[in-house]
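The values are calculated or read from the model by the stated rules, or taken from the named source; none is laboratory data. These figures come from a predicted structure and were not determined experimentally. Cβ coordinates were reconstructed from backbone atoms using ideal geometry, including for glycine residues, and neighbour counts include every protein chain displayed. Just the protein is used for accessible areas: all its heavy atoms, side chains included, with ligands, DNA and RNA removed. Shrake-Rupley method; radii C 1.70, N 1.55, O 1.52, S 1.80 Å.
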Amino acid sequence: MMREIDTVHQSTPLLTALQQCATRSTATFHTPGHKRGKGVGKALQELLGDRVFAADLPELPELDNLFAPSGVIQEAQALAAQAFGADQTWFLTNGSTAGVIAAIVATCDPSEKIILPRNVHQSVISGLVLAGAVPVWVNPEFDPNWDLAHNVTPDAIAHALTQNPDAKAVMLVSPTYLGVCADVAAIAHLCHQYGVPLLVDEAHGAHFGFHPDLPISAMQAGADLAVQSTHKVLSALTQAAMVHVKGDRIDRDRLTKSLALVQSTSPSYLLLASLDVVRWQMATQGKALMEQTLQLAEEARSRLTQIPELAILESTRSPGVFDCDRTRLTIHVANLGIDGFTADDLLNQQWGVVAELPTLRHLTFIISLGNTKDDIERLVQGFEWLREKPKKSGSSVIGHWSFGSLVIGHQSFKDKGHSVLSPKLSPRDAFFAQHEVVPIQMAATRISAELVCPYPPGIPVLVPGEVITEKAIALLRQILVMGGTLSGCANPKLETVRVVKTIS
Ligand SMILES: Cc1ncc(COP(=O)(O)O)c(C=O)c1O
């Protein structure tokens, strides 16, 4: 059986068709205008070479059609579904962003509710705007030691479902950016008891399920839909992603139509072919590649923990932490006497060591199948150097306060048992309403037209459609004074905020 699966997965139908088309001699009268590279600007050709342009082709008959696949794309997607444990898979050329938006549009009609963790990615807000769905927020569990939001618990989702039995779907972000997973299996079971589908934003978990020491994938855990950024942790080209569906709780035709709303009608075959090759790579060598990746991550962990000033986020089972991805390293750097942004700059400038995500106190590094022993050596040496480097000021610059406690403390819905009441306007109504920009001191009682999310902890204080309170303004100001950053909003210094215009 294993041998049969391996044989099937040795083929790369989409890549092979693209190779054949790219090497054929043609007089080309179709898009793209560079005509297989002959018309491309010299500087770009020097950077990228010829072959990439020869393969940058449109939807020729031999290459199938992403939006009505019946040939090589259909074959490649079917193989991907098998490899990633789904019943059906769709290839995406607009990242998980497109998949997350389409998942919401495919499951919620305007004014229908969807249960979500508060620390969603901004693509979810876009999905809410497009669908017109109304969010029922669930607070993630918060880790005061690390000042980080982790995941949501099955209890919190159960509570939200009991309070909102009319919700049309539940969405999770699992893993979080830092690799912390929810108990997807328990939550899937709960959702199914209520007859609603579980959608999982698994943007950072495309490698899950390929090794017993990695968390199980959302598909393996019984989710109905999972969106994966194949480009983030596997070897696909940037923007290439997949949506997987299992079972019949998702209307697949509606999902196909929803994806067509948010993707280009000229999908890049370079991206699509890269997805076909990732499937081949993971189906045939996935376990060995993940073994190697995990070993590199363990080596980095054990060597970095020997530096006494550093701490590495570890998987301790606690509410909101069901499992952790060991290939993601979040390193607490504040005890080196510098903040995370400075550490990031220094490591980058002096050692060419580039982190995925710097925050005030931590740096997060993604270790993936493309990393080498040399990379780990450089990472460790960089930190050893950072430790010895004389610092301008002591560790007191960062202090011991926690943004997360402030944000969680501010979320009044925590006291009401996890889930919030409906916002004043839906994100969609707030998006389409007329806006104005007002000084922050004039913003209290107005309805926010934008997302305002402090980092850390990555939990939005304001979502479009919510009323801005004095408390929220004071909190956001305090976070800025303490050195935190705000994202999602047009003015990250918070001198002004975009609000819904009042019609007099
Ligand atoms: C949790 C999460 N979901 C979705 C996305 C969007 O993914 P993509 O960049 O593939 O569009 C991201 C991107 O960082 C993310 O972190």
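Taking 0.36 nm per residue of sequence separation and subtracting the Cα-Cα distance, how much length would be gained by fully extending the chain between LEU48 and LYS373, in nm to one decimal?
Length difference between fully extended and current span is 114.3 nm.
Quick one: net charge of THR469's neighbours, Cβ under 12 Å, K/R +1, D/E -1?
+1
Looking at the chain, send over the antiparallel percent of its DSSP beta bridges, to the nearest 5.
Among the beta bridges of the chain, antiparallel pairing accounts for roughly 70 percent.
Mind scanning LYS257/LYS287; LYS424/LYS501; LYS471/LYS493; LYS232/LYS287; LYS42/LYS373 and naming the pairs with a C-alpha gap bigger than 24 Å?
Exceeds cut-off: LYS257/LYS287; LYS42/LYS373.
Calculate the FRET efficiency for GLU309 and THR485 from the Cβ-Cβ distance with a Förster distance of 22 Å, rounded to the nearest 0.05.
The pair GLU309/THR485 has a calculated efficiency of 0.40.
With every atom except the alpha carbons ignored, what do you get for Rg and Dmax of segment 199-348, in angstroms?
Computed over the Cα atoms of segment 199-348, radius of gyration and Dmax are 18.4, 55 Å.
Report the relative contact order of segment 255-380, percent, no decimals, based on alpha-carbon pairs under 8 angstrom and at least 6 residues apart.
For segment 255-380, the relative contact order is 24 percent.
Of the listed peptides 488-498, 33-43, what is their order by residue-averaged count of other C-beta atoms within 10 Å, with the highest listed first?
Highest to lowest by the protection proxy: 488-498, 33-43.
Relative contact order for the chain: what is it in percent, counting Cα pairs under 8 Å that are at least 6 residues apart?
So the answer I get is 15 percent.
Out of residues 5 or more away from VAL138 or on other chains, whose amide H comes under 5 Å of its own, with H placed 1.01 Å from N in the peptide plane?
Those qualifying (amide H under 5 Å, at least 5 residues apart or on another chain) are LEU116, ARG118.
Wrap a convex hull around the Cα atoms of segment 48-182, take a quarter of its surface area, and give that in square nanometres.
The number I arrive at for segment 48-182 is 11.8 nm².
Count neighbours as other Cβ atoms within 10 Å of each site's Cβ, and list the chymotrypsin sites (Phe, Trp or Tyr not before Pro) in segment 36-139 that are DSSP loop with at most 16 such neighbours.
PHE67
If Lys and Arg each add +1 and Asp and Glu each add -1, what is the summed charge of the other residues whose beta carbon sits under 11 Å from the beta carbon of ALA76?
-2
For n ≥ 4 DSSP H runs only, could you compute -39500 (n - 2.57) per run for the chain, divide by its residues and tell me the 222 nm figure to the nearest 500?
Computed ellipticity for the chain at 222 nm equals -11500 deg cm²/dmol.
Separation between the VAL8 and GLU470 pseudo-spin-labels, each 7 Å from Cα along Cα→Cβ, expressed in nm?
6.5 nm
Using 7 Å Cα-to-Cβ label points, what is the SER266/THR31 separation (nm, one decimal)?
0.4 nm
When ligands, DNA and RNA are left out and all protein chains stay put, how many square angstrom of accessible area per residue does the chain have with a 1.4 Å probe?
43 Å²
If amide hydrogens are placed 1.01 Å from N in the peptide plane, which non-local residues have theirs closer than 5 Å to the one on SER217?
Sorted by chain and number, the residues that satisfy this are GLY209.
When the Kirkwood hydrodynamic radius is evaluated over all pairs of different C-alpha atoms of the chain, what value in angstrom, to one decimal, is obtained?
Its Kirkwood hydrodynamic radius stands at 24.2 Å.
Given H placed 1.01 Å from N in the peptide plane, which residues other than close sequence neighbours of GLN88 have an amide H under 5 Å from its amide H?
Under 5 Å from the amide H of GLN88 lie the amide H atoms of VAL245, each far enough along the sequence or on another chain.
In whole Hz and in residue order, list the ³J(HN,Hα) couplings for segment 290-297 that follow from phi through the Karplus curve 6.51 cos²θ - 1.76 cosθ + 1.60, θ = phi - 60°; x for Gly and Pro.
Karplus-based 3J(HN,Hα) across segment 290-297 equals 6, 4, 4, 5, 5, 5, 4, 5 Hz.
Once neighbouring chains are kept in place and the probe is 1.4 Å, which whole percent of the accessible area of the chain is contributed by carbon and sulfur?
Accessible surface attributable to carbon and sulfur in the chain totals 52 percent.
At ASN348 and GLN381, where each label point lies 7 Å from the Cα along Cα→Cβ, what is the point-to-point distance in nanometres?
2.1 nm
With θ taken as phi - 60° and the coefficients 6.51, -1.76 and 1.60, list the Karplus ³J(HN,Hα) couplings across segment 366-378 in order, rounded to whole Hz; mark glycine and proline as x.
9, 9, 9, 4, x, 7, 10, 4, 4, 4, 5, 4, 5
Provide the FRET efficiency to the nearest 0.05 for the LYS389-GLN122 pair, computing r from the beta carbons and using R0 = 22 Å.
It comes out at approximately 0.05.
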